[in-house]
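The values are calculated or read from the model by the stated rules, or taken from the named source; none is laboratory data. Quick caveat, the model's predicted, so the values are computed rather than measured. Quick reminder, even Gly has a Cβ in these numbers, built from the backbone with ideal geometry, and neighbours come from all protein chains shown. Protein only, heavy atoms only, side chains kept; ligands, DNA and RNA dropped before computing areas. Shrake-Rupley method; radii C 1.70, N 1.55, O 1.52, S 1.80 Å.
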Amino acid sequence: MTLPADSHVHSEWSWDTGGPRSHAAGRMRATCEQAVRIGLAAIYFTEHLDLPDTWHAEPQDLMPHQQDLLNDAGRVEFAPFDAAGYLEAVDRMRHEFPELRIHTGVELGQPHLWGDRAAGIVDLDLVDRVLGSLHLLDLGDGLAEPHTLFRTHDPAEVMNAYLEQVPAMVEGSEAFEVVTHIDYAVRLWPVATAGPFDPRAFEDGFRAALRSIAEGGRALEMNTRRLGSWIPQWWADSGGKAVTFGSDAHTPEAVASGFPEAAAMLEHVGFRPGSTPEEPWVRSPAI
């Protein structure tokens, strides 16, 4: 099959990889090399656009190379996104890899909460694709990641609160065109204490969130970090019309991971490729 564009990829220019002056230096080039190696025609480097010192965490919530990002107040602090450096790096890669269509982008975290502040860091009109993502919730003690909250709150409360925030994100910002990883809160579901995650227990919440995305005219990303056939099925049922593919890769070897399986799931519920790898897949009205 012709692989669709990987529309969600991170490099050394995302804070959570360590940054451009860390061990992650050179990851953008290595990712381009891997994309060419596997026959990918197009890629979007959608670097994290988050605000430092805005959420709290515990050391166990962070990877070893992120441990020094916790400040004295217990919040995650890092250098703001270097938009100029990132755009220069993309331009260099375009010259080095003319056979690969390299697009710019950002993953805008919590766009409904601080879209204006994020726009002061980078002009969103300068990038090719803006993803909207929900990483943080406030359940009374300030913003935190779901996996932080799972330790102090009932898992179902966290999951329901996450899904309830998706419509607020869609309604509260026009800055993004694609909603990414709607199952983000599932990634670190506390299996040891809550048992395996069963999406059917939260079906109403997922369907309501998906309807809000469809009614808001946004595309849904098929994030291949976790593959569940219920996501494309419920997206189609909710009136979803467009899907992009995103590996959410933070390392070169993860680029386009799971794309053939995701394509099969999407084709099963009626989605078909566009005329170019960059175009979202759309659902046939006849299905």
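Debye-formula intensities of the chain, expressed as log10 I(q)/I(0) at q = 0.11, 0.15, 0.16 Å⁻¹, are -0.63, -1.22, -1.40 (one equal scatterer per alpha-carbon, no solvent). Express in % the proportion of alpha carbon pairs of region 37-104 at distances exceeding 20 Å. Cα-Cα pairs of region 37-104 separated by over 20 Å account for 49 percent.
For region 10-106, run through the trypsin sites (Lys or Arg not before Pro) and keep only the ones in DSSP coil with at most 15 other Cβ atoms within 10 Å of their Cβ. Please list the in-between numbers first.
Details: sites: Arg21, Arg27, Arg29, Arg37, Arg75, Arg92, Arg94, Arg101; in loops: Arg21.
Loop-located and lightly packed - Arg21.
In this label model, Asp128 and Ala168 are separated by 3.4 nm, measuring between points 7 Å along each Cα→Cβ vector.
Grab the DSSP H runs of the chain that are 4 residues or longer, score each as -39,500 (n - 2.57), total them, divide by all residues and round the 222 nm result to the nearest 500 deg cm²/dmol. Helix contribution divided over all residues of the chain: -9500 deg cm²/dmol.
Any chance you could run the full-extension gain for Ile121 through Thr251? It's 0.36 nm times the residue separation minus the Cα-Cα distance, nm to one decimal. Mind dumping the intermediate values first?
Details: separation 130, 0.36 × 130 = 46.80 nm, distance 2.46 nm.
That pair, Ile121 and Thr251, stretches by 44.3 nm at full extension.
Could you look at region 85-159 and say what percent of its accessible area is carbon and sulfur, using a 1.4 Å probe and all protein chains?
The value for region 85-159 is 47 percent carbon and sulfur by accessible area.
For the pair region 91-124 and region 135-186, the centres of their Cα atoms are 23 angstrom apart. Within the accessible surface of region 168-240, defined with a 1.4 Å probe on protein heavy atoms only, the carbon and sulfur portion equals 46 percent.
Going 7 Å from the Cα of His23 toward and past its Cβ, which residues in region 55-92 have a backbone nitrogen under 17 Å from where you end up? It comes to 60-70, nothing else.
With every protein chain in place and a 1.4 angstrom probe, the accessible-area ranking of Met1, Met28, largest first, reads Met1, Met28.
Share of Cα-Cα pairs in region 131-287 beyond 20 Å, in percent?
On the way: 6151 of 12246 pairs.
Looking at region 131-287, the distances longer than 20 Å represent 50 percent of pairs.
Legend: calculated FRET efficiency, Gln67 to Glu157, from the Cβ-Cβ distance at R0 = 25 Å, rounded to 0.05, equals 0.35. Looking at region 236-281, the accessible area is 39 square angstrom per residue; that uses a 1.4 Å probe and ignores ligands, DNA and RNA.
Here the accessible area of region 1-40 is 47 percent carbon and sulfur, with a 1.4 angstrom probe and all protein chains present.
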